[in-house]
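Q: Got a structure here, written out as structure tokens. Questions coming.
The values are calculated or read from the model by the stated rules, or taken from the named source; none is laboratory data. Please read all numbers here as calculations on a predicted model, not as lab measurements. Neighbour counts run over all protein chains shown; Cβ positions are idealised from the backbone, glycine included.
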Amino acid sequence: MAKTDNGIRICQGLLILGNVVIGMCGIALTAECIFFVSDPHGLYPLLEATENDDIYAAAWIGIFVGFALLALSILGIIGVMKSNKTLLLVEEKWRHENCKGNTEKTERDSAEKGREAVKQTYIILMLITYAFEMASCITAATHRDFLTPNLFLKQMLERYLKSDADNNNDKWMTEGVTKTWDNLMLQNQCCGVNGPSDWQEYTSAFRVTHNDADYPWPHNCCVMDNRGEPINLDGCKLGVPGFYNSNGCYDAISGPLNRQAWGVAWFGFAILCWTFCVLLGTMFYWSRIAY
Amino acid sequence: MRPLLLLLLLLLATAHGLDNLLYEPLLAGANLGGRVTGSTFVLEQPRCIFDNYNTSDIWLVVATTAGKGDFNDSAKVEMPKWSFQHFPANTSAYLTLDAMQYHYRCLEPNGELTVLRVGSETSCVNNISIPNCNGPLPGPGPYWVKFLALNGSEPVATTQWSGPITLKTARQIPSSPGTGGGRSGAMIAIAAILSVLLAILLAAFLVVLCSSEVCGVGSFRPDSASIQRYNTHHVYDQPAARL
């Protein structure tokens with residue numbers, strides 16, 4: 001009995017360790033997803049206009065899954081520690097079975113039923129959490145594949161400074177896209193998705209209200225001075241290097257969005273692999289203990 | 001008065017001699033982003049070309065392919081025939097960008113940008129009183145340009161016609177996802193591995209459930225097993241052991 005005793009204690013120690021790691025990973029996942037949802041780079045309106053904003057949905061799911069993992073890991077630790085008493089009670093029962101009789105049997109049964117319920121609740125809830133986190137990972141990874149330059153190019157050409165709106169929703173999205181692009185171009189010193197040539201090569205809503213001679217590209221593409229005015233408007237219109245921004249904004253957009261998508265997807269994947277091992281161990285442990 | 005008379009005499013002497021210069025107008029360097037747009041283009045200034053023609057005005061002639069052949073060098077500048085507003089519907093060429101000769105004098109190369117932007121004035125596009133408006137070009141071209149030096153209304157010198165200048169045409173907005181679309185390998189790996197792991201977990205959960213009381217299949221009750229054992233190995237008259 002001593003050998004199995006040690007074995008069981010090692011098993012319990014490992015399971016408690018596993019659950020502690022799950023709890024901490026849950027907190028980390030919640031923190032990471034809150035950071036992404038807070039949208040520090042202000043890129044959400046671009047995705048909202050493309051109607052392809054599911055990487056934000058994946059981050060929202062991640063927040064709640066993180067909390068659930070923390071709560072369930074605590075439940076798991078309590079369950080593993082309490083099952084210690086189950087083991088001792090079974091041993092006691094073996095020794096005193098002949099001497100005492102079955103007076104403790106009814107009490108044992110209800111206590112066992114309670115523990116059985118806790119075990120099953122834990123496993124079922126963990127499986128549900130597992131399924132949600134799996135959905136979040138796959139969503140983040142899939143929708144990251146949709147974020148190509150042409151997606152943002154189409155949005156920018158169709159919505160930037162569009163003058164007539166079909167309805168309120170359209171107007172809201174147009175304003176969001178315009179504001180986001182203005183911020184992007186000013187803060188990152190860039191122009192268009194691939195470069196200022198985007199405004200020349202393709203027809204756009206911008207071109208409808210701004211003629212080509214005065215605005216070959218938006219004036220936000222010009223190098224600005226401290227007051228927010230172009231330092232040389234003619235130089236900017238001519239395209240003189242140094243007076244206009246000739247690089248594209250795609251890197252400034254795809255960098256943060258890729259980091260968000262891969263952060264949610266891969267970290268979630270890692271947590272799920274670890275949770276898989278802990279869950280298998282828990283089910284194995286409880287099936288051996290509850291005999 | 002005397003110098004003026006002298007000048008007039010000199011002019012009369014050369015009036016019928018139109019100098020054909022070998023210079024061909026060029027588009028500006030390729031490092032300019034706005035070299036050719038949808039309605040404008042940028043030319044190099046004709047520096048050092050007109051140094052001998054001190055008193056002339058240098059005009060730019062812009063013509064379509066038909067105008068290249070039709071254009072008469074003795075065109076009078078004020079004539080509405082050669083005005084921007086009539087181009088290209090009623091006329092195949094127009095004159096614009098009037099400059100005094102000293103604007104194009106020779107300079108030491110000091111890295112300064114010396115260019116002319118054709119099509120930059122949008123305010124006078126419909127103003128008939130400004131026939132030499134440097135307005136945006138109405139179509140993608142091709143256009144041909146040359147410089148013409150006029151003394152009053154007499155042509156004094158002309159450069160060669162440039163090569164054809166075609167402006168940019170805007171395409172429709174791209175609708176395809178372009179490069180980078182489609183499923184990446186990482187996404188497929190994540191989905192496949194996670195699905196397999198979830199399936200294993202569900203299977204293990206069902207096995208655990210069925211090995212306990214719930215499924216009712218071969219229930220391994222601890223009480224009955226221990227009682228059975230005790231029944232086998234202990235004295236039979238144990239009333240509490242029997243259930």
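Q: For region B:118-128, what are the residues that are in contact (Cβ under 8 Å) with a residue 60 or more places away in the chain and either in a loop (DSSP other than H, G, I, E, B) or surrounded by fewer than 21 Cβ atoms within 10 Å (Cβ to Cβ) (or both)? Please lay out each step first, then the result.
A: Looking only at region B:118-128, we keep the residues that are in contact (Cβ under 8 Å) with a residue 60 or more places away in the chain, and these are B:118-120.
Result: B:G119, B:S120.
Q: Out of region A:114-147, which residues are facing chain B (nearest Cβ under 7 Å) and either buried (at least 18 other Cβ atoms within 10 Å of the Cβ) or modelled with pLDDT of 90 or more (or both)?
A: A:I123, A:L127, A:Y130, A:A131, A:M134, A:C137, A:I138, A:A141, A:T142, listed by residue number.
Q: Quick one: in region A:153-172, of everything that is of a type in the set (A, V, I, L, M, F, W, C) and closer than 30 Å to B:M187 by Cα, which residue is farthest from the other protein chains (Cβ to nearest Cβ)? Give the steps one after another, and end with the answer.
A: Quick first cut of region A:153-172, residues of a type in the set (A, V, I, L, M, F, W, C) only: A:153, A:156-157, A:161, A:165, A:172.
So of that shortlist, the ones also closer than 30 Å to B:M187 by Cα come out as A:153, A:156-157.
On the way: A:L153: 6, A:M156: 10, A:L157: 5 Å.
Going through the qualifying residues, I end up with A:M156.
Q: Does region A:2-19 contain at least one residue that is modelled with pLDDT under 80 and polar (S, T, N, Q)?
A: Taking region A:2-19 first, the residues modelled with pLDDT under 80 are A:2-5.
Going one step further and asking which of them are polar (S, T, N, Q), we end up with A:4.
Yes.
Q: Further question: From the list A:N245, A:N232, pick out the single residue that is among the polar types (S, T, N, Q), touching a residue at least 60 places away in the same chain (Cβ under 8 Å), more than 19 Å from A:A135 (Cα to Cα) and in contact with a strand residue (DSSP E or B) (Cβ under 9 Å, 6 or more places away or on another chain). If you could, list the steps in order and put the result at the bottom.
A: Working: A:N232 fails: touching a residue at least 60 places away in the same chain (Cβ under 8 Å).
Of the residues listed, the single one that is among the polar types (S, T, N, Q), touching a residue at least 60 places away in the same chain (Cβ under 8 Å), more than 19 Å from A:A135 (Cα to Cα) and in contact with a strand residue (DSSP E or B) (Cβ under 9 Å, 6 or more places away or on another chain) is A:N245.
Q: Does at least one position in region A:46-58 carry a residue that is buried (at least 17 other Cβ atoms within 10 Å of the Cβ), in the same structural domain as A:A135 (by the TED database), touching a Lys or Arg at 6+ places or on another chain (Cβ under 7 Å) and farther than 23 Å from A:I271 by Cα?
A: Scanning region A:46-58 turns up at least one residue that is buried (at least 17 other Cβ atoms within 10 Å of the Cβ), in the same structural domain as A:A135 (by the TED database), touching a Lys or Arg at 6+ places or on another chain (Cβ under 7 Å) and farther than 23 Å from A:I271 by Cα.
Q: With (1) more than 30 Å from A:F132 (Cα to Cα); (2) within 8 Å of chain B (Cβ to nearest Cβ); (3) surrounded by fewer than 18 Cβ atoms within 10 Å (Cβ to Cβ) as the list, and A:R227 as the residue in question, which single condition is left unmet?
A: Every condition holds for A:R227 apart from (2).
Q: Something else: B:P131 is checked against (1) in a loop (DSSP other than H, G, I, E, B); (2) crowded, with 19+ Cβ neighbours inside 10 Å; (3) within 12 Å of chain A (Cβ to nearest Cβ) and fails just one. What number does that condition carry?
A: (3)
Q: Do we find that B:A203 is surrounded by fewer than 16 Cβ atoms within 10 Å (Cβ to Cβ), assigned to a helix (DSSP H, G or I) and more than 10 Å from chain A (Cβ to nearest Cβ) in this structure? Even if it seems obvious, please write down each step before you answer.
A: Numbers: surrounded by fewer than 16 Cβ atoms within 10 Å (Cβ to Cβ): yes; assigned to a helix (DSSP H, G or I): yes; more than 10 Å from chain A (Cβ to nearest Cβ): yes.
Here the answer is yes, as B:A203 does meet what is asked.
Q: Still on this model: Sort out which residues of region A:176-209 are acidic (D, E) and surrounded by fewer than 16 Cβ atoms within 10 Å (Cβ to Cβ), and write them in order of number. Can you show your working first?
A: Taking region A:176-209 first, the residues acidic (D, E) are A:182, A:198, A:201.
The one that is acidic (D, E) and surrounded by fewer than 16 Cβ atoms within 10 Å (Cβ to Cβ): A:D182.
Q: Okay, next question. Given A:F267, A:F276, A:F284, which one is in a helix (DSSP H, G or I), under 24 Å from A:L14 (Cα atoms) and more than 11 Å from chain B (Cβ to nearest Cβ)? First the steps, then the outcome.
A: Numbers: A:F276 fails: more than 11 Å from chain B (Cβ to nearest Cβ); A:F284 fails: more than 11 Å from chain B (Cβ to nearest Cβ).
Selected residue: A:F267, the only one of A:F267, A:F276, A:F284 that is in a helix (DSSP H, G or I), under 24 Å from A:L14 (Cα atoms) and more than 11 Å from chain B (Cβ to nearest Cβ).
Q: Does any residue of region A:237-246 turn out to be surrounded by fewer than 18 Cβ atoms within 10 Å (Cβ to Cβ), over 22 Å from A:R159 (Cβ atoms), within 11 Å of chain B (Cβ to nearest Cβ) and among the charged types (D, E, K, R)?
A: no
Q: Kindly indicate whether any position in region A:15-27 is loosely packed, with under 14 Cβ neighbours inside 10 Å and under 18 Å from A:F269 (Cβ atoms).
A: Yes; the residues of region A:15-27 include at least one that is loosely packed, with under 14 Cβ neighbours inside 10 Å and under 18 Å from A:F269 (Cβ atoms).
Q: Check off (1) touching a residue at least 24 places away in the same chain (Cβ under 8 Å); (2) in contact with a helix residue (DSSP H, G or I) (Cβ under 9 Å, 6 or more places away or on another chain) for A:T209 and give me the number that stays unchecked.
A: (2)
Q: Among the numbered criteria (1) touching a strand residue (DSSP E or B) at 6+ places or on another chain (Cβ under 7 Å); (2) within 26 Å of A:T203 (Cα to Cα); (3) in a loop (DSSP other than H, G, I, E, B); (4) of a type outside the set (S, T, N, Q), which one does B:W144 miss?
A: Just one mismatch for B:W144, condition (3).
Q: If you go through region B:98-115 one residue at a time, do you hit one that is buried (at least 21 other Cβ atoms within 10 Å of the Cβ) and at pLDDT 85 or above? Outline the logic, then answer.
A: Looking only at region B:98-115, we keep the residues that are buried (at least 21 other Cβ atoms within 10 Å of the Cβ), and these are B:104.
Okay, now just the ones that are also at pLDDT 85 or above, so none.
No, that holds for no residue.
Q: Would you point out the residue of region B:55-66, among those that are of a type outside the set (A, V, I, L, M) and more than 28 Å from the chain's Cα centre (by Cα), that is surrounded by the fewest Cβ atoms within 10 Å (Cβ to Cβ)? Step through it out loud before you land on a result.
A: Going residue by residue through region B:55-66, those that are of a type outside the set (A, V, I, L, M) are B:55-57, B:59, B:64-65.
The next check asks that each one be more than 28 Å from the chain's Cα centre (by Cα); those that pass are B:55-57, B:59.
Values: B:T55: 13, B:S56: 20, B:D57: 20, B:W59: 22.
Within region B:55-66, the match that is surrounded by the fewest Cβ atoms within 10 Å (Cβ to Cβ) is B:T55.
Q: If you check A:D234 against the conditions, is it under 22 Å from A:V177 (Cβ atoms) and not hydroxyl-bearing (S, T, Y)?
A: Values: under 22 Å from A:V177 (Cβ atoms): no; not hydroxyl-bearing (S, T, Y): yes.
Judged against the criteria, A:D234 is not a match.
Q: Looking at region A:113-172, which of its residues are of a type in the set (S, T, N, Q) and either within 16 Å of the chain's Cα centre (by Cα) or assigned to a loop (DSSP other than H, G, I, E, B) (or both)?
A: Taking region A:113-172 and keeping what is of a type in the set (S, T, N, Q), we get A:120-121, A:129, A:136, A:139, A:142, A:148, A:150, A:155, A:163, A:167-169.
Residues satisfying the conditions are A:T129, A:S136, A:T139, A:T142, A:T148, A:S163, A:N167.
Q: What is the one condition in (1) under 19 Å from B:D57 (Cβ atoms); (2) at pLDDT 85 or above that B:P136 does not satisfy?
A: (1)
Q: Just one of A:N188, A:N150, A:N194 is over 26 Å from A:I63 (Cβ atoms) and either more than 14 Å from every other protein chain (Cβ to nearest Cβ) or of a type in the set (A, V, I, L, M) (or both); which is it?
A: On the way: A:N150 fails: either more than 14 Å from every other protein chain (Cβ to nearest Cβ) or of a type in the set (A, V, I, L, M) (or both); A:N194 fails: either more than 14 Å from every other protein chain (Cβ to nearest Cβ) or of a type in the set (A, V, I, L, M) (or both).
Exactly one of A:N188, A:N150, A:N194 is over 26 Å from A:I63 (Cβ atoms) and either more than 14 Å from every other protein chain (Cβ to nearest Cβ) or of a type in the set (A, V, I, L, M) (or both), namely A:N188.
Q: May I pose another question? Can you pull out the residues in region A:45-70 that are of a type outside the set (A, V, I, L, M), in contact (Cβ under 8 Å) with a residue 60 or more places away in the chain and in a helix (DSSP H, G or I)?
A: Correct list: A:P45, A:E48, A:T50, A:D54, A:G62, A:F64.
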